[in-house]
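Step one of this worksheet: look at the structure below.
The values are calculated or read from the model by the stated rules, or taken from the named source; none is laboratory data. Model, not experiment: these values are computed from the prediction. Glycine gets a Cβ as well: all are built from the backbone with ideal geometry, and neighbour counts include every protein chain shown.
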Amino acid sequence: DSLAEVARKKAEADSLAEVARKKAEADSLAEVARKKAEADSLAEVARKKAEADSLAEVARKKAEADSLAEVALKKAEADSLAEVARKKAEADSIAEVARKKAEADSLAEVARKKAEADSLAEVARKKAESDSLAEVARKKAEADSLAEVARKKAEADSLAEVARKKAEADSLAEVARKKAEADSLAEVARKKAEADSLAEVARKKAEADSLAEVARKKAEADSLAEVARKKAEADSIAEVARKKAEADSLAEVARKKAEADSLASLRKAQELEARKKAEADSLAEVARKKEEILTKQNQEQLKLKNEAELKKLIESGDKSYNSKLIVDAKKQYEQALKISPDNVYIKKQLLLIQQIQDQSKNLKQVITKPVESASDDFIVPKEKEKDLRYLKIAHLIYDVEHKKTRYSKQISQEIASYYPEGMAIEAISGKDKDGIICEIDRRVLVINGFADIYSKFKSTSGVYYLKNGLPSSDYIWEKETSKFVK
């Protein structure tokens with residue numbers, strides 16, 4: 001309803017503006033018609049004045065001609081010199097008349113063309129404004145054309161009068177030529193010169209009046225053109241203002257519509273945002289519940305996995321412990337304790353392992369340093385502590401086992417020199433390859449003066465086998481030595 005009201009008021013305003021514009025155009029056309037009537041009246045007055053001036057000039061010239069004719073009648077024939085002077089003066093006068101006539105014709109033609117151009121421009125401009133102005137311009141052009149015809153006719157009449165007077169003058173001159181008295185002829189010539197001078201002055205005055213009239217009419221036409229131009233500018237400004245008012249009104253309507261659209265869009269966006277937020281909250285709630293379910297499932301799976309891992313580690317630790325692999329058992333129990341920190345059984349087993357390791361550290365160690373070389377610490381049976389030859393062989397075997405001495409044929413024979421043929425079995429305490437105190441089961445097999453050394457190291461870190469200082473296996477241990485063991 002508000003937009004309809006705005007549109008209705010806009011239509012009323014446009015109607016009033018259109019009425020005002022047409023009234024302004026009618027006023028302008030009336031003003032132009034009035035000024036045109038004034039101009040036509042002034043032109044008529046000027047035309048009549050020009051006719052009166054022309055008739056007065058004709059009467060004056062006729063009086064002068066009558067006077068000259070009277071003088072000529074009284075003159076006698078002139079002599080030959082006066083005739084020559086007269087003819088030369090006549091020729092000069094005719095040439096001057098022709099020159100000035102040509103100038104007048106040129107100025108008249110320029111003024112005519114200027115008047116025609118101004119008339120055509122005025123007609124074209126007024127034609128663009130209104131067909132009524134075109135009609136006025138056409139009538140004005142007709143009036144100007146009639147005035148031009150009248151002017152040209154007046155010029156033709158004037159030239160005819162000049163020609164007639166020239167013929168009369170020639171006749172008088174002929175009479176004067178026949179005059180006998182030279183002084184009388186000279187007087188005639190003087191007066192003729194005066195008449196020519198007066199005629200020239202009158203002609204120049206007529207030319208000046210004509211040019212002044214042309215300039216005046218040109219000024220009036222320029223004034224009318226300026227009025228019309230300012231009127232066109234005013235109309236243009238009014239039209240711009242009207243269109244601007246229309247544009248402002250439309251812009252206001254568009255602004256209000258844009259505000260309404262913006263509010264509608266905002267409400268729609270808010271509703272959409274609220275709906276999206278509700279959907280997002282719903283999805284977030286679903287995701288949270290799903291996460292809770294997954295977390296619970298993962299916790300249950302982790303619990304089952306930890307229980308299975310715990311059981312496996314305890315079983316592995318028990319197996320290692322029962323196999324006296326104390327270090328492996330300790331690592332497995334410690335891993336199990338991380339899964340179940342409050343497990344009493346695991347803590348008990350770790351305590352037992354700690355006690356075993358403490359006892360191993362408190363074992364008595366005997367440090368021996370043979371003459372040939374020094375070896376790592378190891379413990380020998382008490383009855384062998386003072387057997388220097390045994391200690392030397394024991395150091396040699398220990399160096400082979402710890403890769404401090406490379407097993408060779410010479411070393412094999414040197415070891416075989418101490419042990420009898422067959423199998424010798426020893427059980428001692430010493431350090432394994434990692435420097436940990438362990439139990440060493442050693443079997444020295446002597447055949448034909450050569451000894452092979454089979455060693456079995458049992459420590460908390462595990463069990464491993466050597467043959468002549470090189471890695472071996474329980475299979476080799478059993479296969480190559482068991483048949484010699486009593």
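Structure values in brief
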{"item": "Flag if K257 is within 30 Å of A7 (Cβ to Cβ), surrounded by 10 or more Cβ atoms within 10 Å (Cβ to Cβ) and touching a residue at least 60 places away in the same chain (Cβ under 8 Å)", "result": "yes"}
{"item": "Set K319, K303: member being out of contact with any Lys or Arg (no Cβ under 8 Å at 6 or more places or on another chain) and over 30 Å from C438 (Cα atoms)", "result": "K303"}
{"item": "Some residue of the stretch 385-396 being hydroxyl-bearing (S, T, Y), farther than 22 Å from P471 by Cβ and modelled with pLDDT of 75 or more", "result": "yes"}
{"item": "Residue list for the stretch 204-254, restricted to those being basic (K, R), touching a residue at least 60 places away in the same chain (Cβ under 8 Å) and within 17 Å of D118 (Cα to Cα)", "result": "K217, K218"}
{"item": "Exclusive hit being assigned to a helix (DSSP H, G or I) and over 35 Å from the mean Cα position of the chain (by Cα), set A269, A278, A254", "result": "A278"}
{"item": "The stretch 223-243: number of residues that are exposed (fewer than 12 other Cβ atoms within 10 Å of the Cβ) and over 16 Å from S28 (Cβ atoms)", "result": "3"}
{"item": "Pair list, Cβ < 7 Å and 6+ apart or interchain, from the stretch 457-486 residues that are closer than 14 Å to G430 by Cβ to residues that are hydroxyl-bearing (S, T, Y) and assigned to a strand (DSSP E or B)", "result": "F457/Y464; L466/S455; L466/S472"}
{"item": "Residue under evaluation I379, criteria (1) β-branched (V, I, T); (2) at pLDDT 85 or above; (3) closer than 22 Å to K458 by Cβ, criterion not met", "result": "(2)"}
{"item": "Residues of the stretch 298-351 satisfying the condition of being loosely packed, with under 14 Cβ neighbours inside 10 Å, part of a helix (DSSP H, G or I) and of a type in the set (S, T, N, Q)", "result": "N298, Q299, Q301, N322"}
{"item": "Helices (runs of 4 or more DSSP H) enclosed by the stretch 382-486 - at least 2 residues per element that are more than 30 Å from Q355 (Cβ to Cβ) and touching a Pro at 6+ places or on another chain (Cβ under 7 Å)", "result": "388-401"}
{"item": "Residue within the stretch 291-305 that is free of Cβ contacts under 8 Å to residues at least 12 places away in the same chain and under 30 Å from S461 (Cβ atoms) present", "result": "yes"}
{"item": "Breaking point among (1) modelled with pLDDT of 90 or more; (2) under 26 Å from K205 (Cα atoms), for L29", "result": "(2)"}
{"item": "Matching residues, the stretch 150-200, being out of contact with any helix residue (DSSP H, G or I) (no Cβ under 9 Å at 6 or more places or on another chain), part of a helix (DSSP H, G or I) and modelled with pLDDT under 75", "result": "A156"}
{"item": "Any hit, the stretch 21-34, residues being under 30 Å from D209 (Cα atoms), among the polar types (S, T, N, Q) and in contact (Cβ under 8 Å) with a residue 40 or more places away in the chain", "result": "no"}
{"item": "Within the stretch 425-456, tally of residues that are among the β-branched types (V, I, T), crowded, with 19+ Cβ neighbours inside 10 Å and in contact with a Phe, Trp or Tyr (Cβ under 7 Å, 6 or more places away or on another chain)", "result": "3"}
